[in-house]
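Below: one structure, written as structure tokens.
The values are calculated or read from the model by the stated rules, or taken from the named source; none is laboratory data. Quantities reported herein were computed from a predicted structural model and do not represent experimental measurements. Don't worry about glycine lacking a Cβ; one is built from the backbone with ideal geometry, like all the others, and counts go over all protein chains shown.
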Amino acid sequence: MTDDVPLSARIGSRLRQLRKSSGRSLASVAQQLGISSSALSQIETGVMQPSVNRLVELVGVLGAPVSAIFDELDVYERPVGSDAPDVAEPLPGVFVATAGDVAVAHLGQGVTYRRLTPTALPGIELFESSYPPGTSSSVDGAMLVHAGYECGSVVEGVLTFEFTEGELRLGPGASLSFAATRPHRVVNETADVAVAVWLTLPGGLPEQPSAGDAGA
């Protein structure tokens, strides 16, 4: 795709590619998400930007991790005038992505997701999320439930993490972790931008051996 194609359209195209490669029809995916086929079509054509919740739900239905939307170079938003490679290999087996070539996904309400690894890492997702003032992971207040385990650390501003049992308001340096199957929502209720770094294990935490499994 050419650089003059809006990033939302490039992300939508990648989502459509993932849907088609999974063999799913537009109608079946929309039905599972609980939205209209028209709404899903608007996401795939870039007319509508998905919220964080919707993006995670969508790739989950397609059996793909969130990082899958970055696996095509044409969804990378590169700075004007940048001619550096997206991923360099200065030493054998060492991959490097410079600050000017970091993948950024712009979602609903201006929320952005940026992958913090130069290449995809199987079983691990490391992202930075940025929430402008007054934004959240879902516009309608819906909480997200998905597979895996989440670890988050606030690096700038203040974020409120909502759960069905209550909420936590965390500032810079604070961190939390929880099973992603627990309904959750992220909100920035302040007048400043808030940024968090997320480590997600889509497959959940590794099983720990019990005392009875230990060798003599």
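A few comments on the model shown:
- Hits in the range 1-27 - residues which are at pLDDT 85 or above and surrounded by fewer than 15 Cβ atoms within 10 Å (Cβ to Cβ): Lys20, Ser21, Ser22, Gly23, Ser25, Ala27
Results for (1) surrounded by 14 or more Cβ atoms within 10 Å (Cβ to Cβ); (2) under 17 Å from Glu57 (Cβ atoms), shown as yes or no for each residue.
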| residue | (1), (2) |
| --- | --- |
| Ala105 | yes, yes |
| Pro122 | no, no |
| Glu128 | yes, no |
| Gly134 | no, no |
| Ser138 | yes, yes |
| Tyr149 | yes, no |
| Gly157 | yes, no |
| Leu170 | yes, no |
| His184 | yes, yes |
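- Taken together, the residues in the range 45-55 that are assigned to a helix (DSSP H, G or I) and either surrounded by fewer than 21 Cβ atoms within 10 Å (Cβ to Cβ) or of a type in the set (Gly, Ala, Ser) (or both) amount to 0.
- Considering the range 56-65, the residues that are surrounded by 15 or more Cβ atoms within 10 Å (Cβ to Cβ) and among the small types (Gly, Ala, Ser) include one that is nearest to Leu121 (Cα to Cα), namely Ala64.
- Considering only residues in the range 66-95 that are under 21 Å from Gly23 (Cβ atoms) and either basic (Lys, Arg) or surrounded by fewer than 21 Cβ atoms within 10 Å (Cβ to Cβ) (or both), the one that is modelled with the highest pLDDT turns out to be Ala68.
- Within the range 25-39, the set of residues being part of a helix (DSSP H, G or I) and farther than 12 Å from Glu57 by Cα comprises Leu26, Ala27, Ser28, Gln31, Ser37, Ser38, Ala39.
Conditions tested, residue by residue: (1) at pLDDT below 90; (2) not aliphatic (A, V, I, L, M).
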| residue | (1), (2) |
| --- | --- |
| Leu107 | yes, no |
| Thr119 | yes, yes |
| Tyr131 | no, yes |
| Ser137 | no, yes |
| Glu162 | no, yes |
| Arg169 | no, yes |
| Gly173 | no, yes |
| Ala179 | no, no |
| Pro183 | no, yes |
